[in-house]
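Heads up: the structure comes next, in structure tokens.
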Amino acid sequence: RIYIWQDALLKWRQNWLFGVGYNNYRWMNSIYSTNFVTHNDYIRILVELGLTGIGMFACYFANAVKTGRCLKLKHGKLAISLLAVDLIFVLFHNNIANFIWWWMLAMPLYLKRIEDTDQDIEEDAIYQ
């Protein structure tokens, strides 16, 4: 995998701002003649979408972490745990296209929405 990552970073240096295009790295991989993946989603995002894409992903991930930390104790621990699993798992696997991975990443935002809705319902009940 280290050789694959080195090759991917070489491709990124050639297209550092916008990358080589979504899902294009597997077709321009110079190590293997078959379509091959990076086995690391952070490097994949960097190579395929450049600094622009990795920056947007980092902002989304940071927002999810911030939201997870603001949740009540029970939900916050669940959200942060799911984000920690995501953070570690994508170092060695390509899961960006996996629905479950995105669902886990979106969980803090969803839980925050539920929490806000519950708070609005409680406030409405108080005023009635």
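The values are calculated or read from the model by the stated rules, or taken from the named source; none is laboratory data. Computed from a prediction, not measured in an experiment: that's the story for all the values here. Quick reminder, even Gly has a Cβ in these numbers, built from the backbone with ideal geometry, and neighbours come from all protein chains shown. Accessible surface areas use protein heavy atoms only, side chains included; no ligands, DNA or RNA. Shrake-Rupley method; radii C 1.70, N 1.55, O 1.52, S 1.80 Å.
Structure above, values below:
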| quantity | calculated |
| --- | --- |
| Ranked order, Leu111, Leu17 - accessible area, probe 1.4 Å, largest first | Leu17, Leu111 |
| Karplus-derived 3J(HN,Hα), 6.51/-1.76/1.60, for each residue of region 19-28, Hz, glycine and proline x | x, 8, x, 4, 6, 8, 4, 4, 8, 10 |
| Label-point separation in nm, Cys70 to Arg26, each point 7 Å along Cα→Cβ | 3.7 |
| For His93, solvent-accessible area (1.4 Å; no DNA, RNA or ligand), Å² | 80 |
| Distance in nm between pseudo-label sites at Ile114 and Ala84 (7 Å out along the Cβ direction from Cα) | 2.0 |
